[in-house]
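Notes follow once the structure below has been shown.
Every number here is computed from the coordinates shown, using simple stated rules; none is lab data. Just so you know, these numbers come straight off a predicted model, no measurement behind them. Cβ sites come from the backbone with ideal geometry, for glycine too, and all protein chains shown count toward neighbours.
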Amino acid sequence: MDYKVILPDASEKYFDQPVTGLELAQSISSQFAKSAVGLRYTDSQEILDLRTQIPNETQTHIVTLKDESSREVIRHSAAHILAQAVQSLWPKTQVTIGPVIEDGFFYDFDSEHVFVPEDLPVIEKKMKEIIKKNFEITKKVLPRDEAIKLFKDMGETYKIELIEAIDESESVSVYSQDGWLDLCRGPHLQKTGQVKAFKLTSISGCYWRGDENNKALQRIYGTAFESKEALAEHLHLLEEAKKRDHRKLGKELNLFHFHPLSPGAPFFSPKGATVYRRLQNYIRDKYKKYNYDEVITPQIFDVDLYHQSGHYENYRENMYFTETESRSFSVKPMNCPGHCLWYGSDKRSYRDLPIRIADFGRLHRCERSGTMHGLTRVRSFCQDDAHIFCTQDQLMSEIGEFMTMLNEIYTELGMSDYKIYLSTRPEKRMGADETWDQSEQALESALKSLNLEYTVNEGDGAFYGPKLDIMFVDALKRPWQLGTLQCDFNLPKAFELEYVGMDNTNHRPVMLHRAVLGSLERFIGVYLEHTAGRLPLWLSPNAVKILPVSDRHIEFSQTIFKVLEEAKIDVSLDDRSEKLGYKIRQAQLEQIPYMMIVGDEEVGGTEVSVRHRSGATQKMIMKAFLELLDLEKSQRRLQSTLQLD
């Protein structure tokens with residue numbers, strides 16, 4: 001027995017010959033094998049097919065239905081079950097691709113039948129039949145030419161096109177269940193019966209390979225989980241997400257809108273602009289604390305700048321260009337090249353470093369129309385953008401201070417659940433590998449020294465340097481990339497930036513690109529959904545609404561209005577001749593943090609009746625209420641003292 005597999009607990013199992021993941025699982029116990037869905041090696045997060053032969057002396061983890069990571073395999077097989085069900089119901093349908101996506105899967109079909117929402121329960125019923133019969137899922141590897149012939153005989157032209165795109169020397173894998181088969185790399189379950197819970201969610205149109213010049217197809221979306229309980233929770237979160245959609249909330253709260261004459265560029269109403277400015281001022285207060293200086297730089301630059309920075313060669317598909325007086329210009333997509341010009345405009349000494357400059361300048365990026373989504377993906381936006389120019393000796397402390405600042409801001413905003421990803425060199429990049437080695441090691445060393453947990457995200461760095469991506473997990477458990485820190489040795493070299501060191505010779509600074517909230521537009525969209533539109537008092541464009549019970553209470557309500565206005569509280573007065581219950585419901589729909597109810601008991605008295613948007617009520621001395629409001633504003637509290645829900 002000279003063939004060895006190492007288990008996750010470091011124990012070892014010996015075999016006479018190489019074994020697959022399934023055979024390893026069976027050697028542990030038959031019950032364990034029934035739950036097995038895939039395998040992965042200790043040094044990798046990639047889940048492999050259970051039928052994969054394990055290399056000798058490799059530490060291997062068997063993925064089971066109890067593992068959350070099993071969802072990838074479950075959804076892969078659910079997509080095949082969907083395709084089999086569709087083709088059994090509408091036999092003339094051709095299948096194209098059916099990948100796993102975040103939170104689910106989809107499959108694209110070329111069918112004469114036009115799918116409608118009423119078809120989804122019919123398809124689900126057929127899928128349940130396939131699952132109940134518990135068909136074995138088998139894998140077969142075929143030579144390329146044999147696979148082409150197989151799918152040609154089946155009339156599956158899209159599969160033939162996919163196979164013809166691969167090298168002639170390569171083989172392809174085919175998975176089958178109950179005689180139905182599909183081209184696929186896997187991984188897949190052992191049997192269809194291992195799909196315990198699924199739901200088809202929607203239908204949409206698409207194009208073959210995402211190209212609008214190709215044939216129009218139909219896409220069916222679905223999701224699948226390891227248990228009915230997990231599926232139920234997911235469907236609940238989806239319903240909650242619909243209620244919290246920032247596009248819906250933006251309209252209801254009168255914060256922003258879009259116009260087709262300027263796609264991807266939001267119009268902020270006076271209320272929305274108030275939220276926008278307060279976020280900027282909040283970050284400006286942090287800049288004072290953490291020693292940043294704010295600058296204003298041009299919106300349009302000669303294209304030569306972007307040749308020098310590398311953006312033209314690596315990023316031009318996302319840029320807007322124009323020409324005047326025989327010169328080519330571009331609207332800036334990011335601030336860093338302009339900040340390099342600013343740094344290079346004066347002679348710098350080691351005594352000046354670190355230099356931290358911030359810029360709220362507008363940026364423009366040419367996003368494809370199909371990718372834009374409310375405020376979370378726009379063409380015109382502003383970032384809480386800043387760049388730090390420092391020595392290599394200062395690099396660790398600057399990274400540490402940035403993470404301290406970010407954690408402070410996220411905690412105050414009620415966003416303490418976030419994850420850190422170290423994104424490394426992409427294929428399309430500038431600079432030498434030695435430079436990338438240096439910058440990646442700097443970020444990783446800083447994370448380790450700060451005892452911060454992180455995940456390596458291979459190949460997703462910026463073209464000029466690796467970065468830390470901060471993924472905020474919102475109230476609905478969805479990740480959003482907001483903050484970032486990028487370590488850049490390349491742009492300082494491209495712009496020949498220097499400082500005079502202690503040895504009286506020139507040295508090159510390191511450049512850190514950083515943002516905490518990221519795009520303010522995107523942040524507002526994410527934060528609206530995270531808070532369900534219930535912005536904290538200091539961000540709310542209307543903090544208090546006074547609600548007189550009847551017309552005879554309006555005069556005293558106006559007196560209170562003036563008191564609050566003089567105290568610099570954002571206040572409004574609903575003096576309409578409407579019932580109090582209606583006024584309260586309207587104020588709650590507008591997500592007004594506080595309502596003041598003015599009736600007979602309040603007129604001429606020292607106490608006021610305060611109602612929070614949660615429904616909590618409290619009688620308070622007017623002075624105490626003003627102090628509460630002032631405290632919430634000054635401390636930028638997320639929760640109210642009266643918050644009971």
Quiz item: Kirkwood hydrodynamic radius for the stretch 415-532: how many Å is it when counted over pairs of different Cα atoms?
Solution: 15.7 Å
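Calculate the translational D of the chain in whole µm² s⁻¹ from Stokes-Einstein, where the hydrodynamic radius comes from the Kirkwood formula applied to all Cα pairs, the temperature is 10 °C and the viscosity 1.306 mPa s. If you can, show how the numbers build up before the last one.
Details: Rh = 29.0 Å.
My calculation gives 55 µm²/s for D.
Quick one: compute the contact order of the chain, relative version, from alpha carbon pairs under 8 angstrom and 6+ residues apart, as a percent.
The normalised contact order for the chain reaches 9 percent.
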Exercise. Please give, to one decimal in nm, the separation of the simple spin-label points placed at residue 460 and residue 243, each 7 Å out from Cα toward the Cβ.
Key: 3.0 nm
Practice problem: Would you mind counting up the charge near residue 100? Only other residues with Cβ under 12 Å from its Cβ, with Lys and Arg at +1 and Asp and Glu at -1. | Solution: 0
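Per residue, how big is the convex hull of the stretch 103-195 when only Cα atoms are used? Give it in Å³. Let's see the in-between values first.
Details: hull volume 11.8 nm³, N = 93.
Taking only Cα atoms, the stretch 103-195 has a hull volume of 127 Å³ per residue.
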Quiz prompt | Column: log10 I(q)/I(0), Debye, Cα scatterers of the stretch 71-235, q = 0.17 Å⁻¹ | solution = -1.04
Quiz item: Convex hull volume of the Cα atoms in the stretch 516-564, per residue, in Å³?
Solution: 100 Å³
Quiz prompt | Cα pair count fraction exceeding 21 Å, expressed as % - the stretch 482-561 | solution = 64 percent
Quiz prompt | Rounded D (µm²/s) - the stretch 256-531, Kirkwood Rh over Cα pairs, Stokes-Einstein at 10 °C, 1.306 mPa s | solution = 82 µm²/s
Quiz item: Just the Cα atoms of the stretch 544-634: what Rg and Dmax do they give in Å?
Solution: 12.0, 35
Self-check item: Rg over Rh [alpha-carbon atoms, Kirkwood Rh] for the stretch 585-645
Solution: 0.97
Self-check item: Cross-link partners of residue 4 among lysines (Cα-Cα below 17 Å; sequence separation of 8 or more within a chain)
Solution: 13
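Between residue 146 and residue 277, what length in nm is gained on full extension when 0.36 nm per residue of separation is reduced by their alpha carbon distance?
Details: separation 131, 0.36 × 131 = 47.16 nm, distance 6.35 nm.
Between residue 146 and residue 277, full extension yields 40.8 nm more.
P(r) tail for the stretch 300-455, what percent of Cα pairs lie past 21 Å?
On the way: 7427 of 12090 pairs.
Counting pairs separated by more than 21 Å, the tail of P(r) holds 61 percent.
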Exercise. Mind checking which lysines have their Cα closer than 24 Å to the Cα of residue 448? Skip sequence neighbours fewer than 8 apart in that chain.
Key: 419, 467
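With a sphere of radius 11 Å drawn around the Cβ of residue 459, what net charge do the other residues whose Cβ falls strictly inside it have (Lys, Arg +1; Asp, Glu -1)?
On the way: positive: 425, 428, 429; negative: 427, 458, 460.
Computed value for this residue: 0.
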Self-check item: residue 229-residue 327 pseudo-label distance in nm [points 7 Å out on the Cα-to-Cβ vector]
Solution: 6.7 nm
Exercise. Could you work out, for the stretch 152-194, what percent of all Cα-Cα pairs fall into each 10 Å distance bin, beginning at 0 Å and stopping at the bin that holds the largest distance?
Key: 21, 52, 24, 3
Quiz item: Around residue 471, what is the net charge, scoring Lys/Arg as +1 and Asp/Glu as -1 over all other residues with Cβ under 11 Å from its Cβ?
Solution: -1
Quiz item: Would you list 171, 557 from fewest to most Cβ contacts within 10 Å?
Solution: 171, 557
Practice problem: Order these peptides, 457-469, 426-438, 172-184, by their mean beta-carbon neighbour count within 10 angstrom, highest first. | Solution: 457-469, 172-184, 426-438
Quiz item: Which FRET efficiency, nearest 0.05, do residue 476 and residue 89 yield, Cβ-Cβ r, R0 45 Å?
Solution: 0.85
Quiz item: How big is D for the stretch 49-153, in µm² s⁻¹ as a whole number, if Stokes-Einstein is applied with the Kirkwood radius of its Cα pairs at 4 °C and 1.567 mPa s?
Solution: 80 µm²/s
Practice problem: Report, in degrees rounded to the nearest 10, the 0 to 90 angle that the Cα long axis of helix 71-89 makes with the longest principal axis of the chain. | Solution: 70 degrees
Quiz item: What is the stretch 3-64 by shape, rounded, prolate or oblate, if you read a ≥ b ≥ c off the alpha carbon gyration tensor as root eigenvalues and call it rounded for a/c under 1.5, prolate for a/b larger than b/c, and oblate otherwise?
Solution: rounded
Quiz item: Under 19 Å from the Cα of residue 633, which lysines turn up, not counting those fewer than eight places away in the same chain?
Solution: 271, 286, 288, 289, 545, 562, 568, 623
